[in-house]
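Following: one structure in structure tokens, then a few remarks.
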Amino acid sequence: MADILDAAAEDPESLAAVVKAAKRANPEAAAEIDAHVAAASARAAAAKAQQAADAGFLEGWNGKGEIGGSISTGNTDDYGLVVSLAFDKKTPVWEHDANLSTSFKSEDEKTTTDRYFATYAIRRNFGPRFYGVGILWGERDRFAGHNFRFSEGVGLGYRVIRRPDLKLSLEAGPALRQSDYLVTGYEGTAAVRLAGYLTWQIRPRLEFTQSFVTYRDTTNSTVLAATALTTRLQGALSARASYEYRNEQDPPQGRENTDTTTRATLLFNF
């Protein structure tokens, strides 16, 4: 049984099933099984972390693709398509996250949304809770009133909660923003970036996430919040229901302050 537990240690879902069967067959050894599982899981995590640390920059990345439909309210009320790619890499010292997404919507053969969005974050761990962070952010959304918007930020982060099933991180730091508005043209500002990220593993196949990012400056502060519920269907395939809230303090004339997007998407890990 010990060999079976060790083999399943890298897959939480498989491990849970093996542990349940082992305790049912040997109820008097439940404490011993729990101790063995804890040690095996620790060894598997340490081996995975060391493997990631030894890999080159282009090695050890995990990818996730997402595609689905959406319903929007605010500046536009219509249906459309969203496609995104996300990549992440974690080592004991460094963590990388990159995201690319595009949203396209059409109504009566007329394009109503054509948005492109990209972010890259690098985090340097100073310990189990404190870390430094650098953020690059870029987007293009003419229907929100700007040809492009870029921002560069640095800051410090703190992992308030770091349980296996529940994680909460907070970040804060200065940022620079460059925007090219359709009406008023180019504008560069300094801002403060505040962010929070929550992940709750409700069950082995069910995960809840909540993110909140705001750029506070003197001309046009931005708030972006995203809520998602993801369920693992089979193997690398998952389904997600999400809601995104976006607010611009001072949008261009004729534009609303708030946009919301509700999505139903499929995800594939690779």
Matching residues, the stretch 226-252, being surrounded by fewer than 17 Cβ atoms within 10 Å (Cβ to Cβ) and of a type in the set (V, I, T): T227, T231
Looking at R255, R246, R240, R193, can you tell me which residue is in contact (Cβ under 8 Å) with a residue 12 or more places away in the chain, farther than 20 Å from I135 by Cα and assigned to a strand (DSSP E or B)? R240
Within the stretch 101-121, work out how many residues are free of Cβ contacts under 8 Å to residues at least 60 places away in the same chain and either small (G, A, S) or buried (at least 16 other Cβ atoms within 10 Å of the Cβ) (or both). 11
So R255, is it closer than 22 Å to F104 by Cα, among the basic types (K, R), modelled with pLDDT of 95 or more and surrounded by 14 or more Cβ atoms within 10 Å (Cβ to Cβ): no
Using the structure shown, decide if E207 is farther than 21 Å from A118 by Cα and charged (D, E, K, R). yes
Would you mind telling me which numbered condition in (1) under 23 Å from G138 (Cβ atoms); (2) within 21 Å of the chain's Cα centre (by Cα); (3) of a type in the set (D, E, K, R) R255 fails? (2)
Across the stretch 149-160, the tally of residues that are aliphatic (A, V, I, L, M) and either closer than 14 Å to A190 by Cα or surrounded by 14 or more Cβ atoms within 10 Å (Cβ to Cβ) (or both) stands at 1
Check the stretch 208-231 and report whether any residue there is in a strand (DSSP E or B), of a type in the set (G, A, S) and farther than 28 Å from G65 by Cβ. no
Counting only residues that are of a type in the set (S, T, Y) and touching a residue at least 60 places away in the same chain (Cβ under 8 Å), which one in the stretch 164-188 is farthest from F212 (Cα to Cα)? T184
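The values are calculated or read from the model by the stated rules, or taken from the named source; none is laboratory data. Since this is a predicted model, take the numbers as computed values, not measurements. Every residue, glycine as well, gets a Cβ built from its backbone with ideal geometry; the counts of neighbours run over all protein chains shown.
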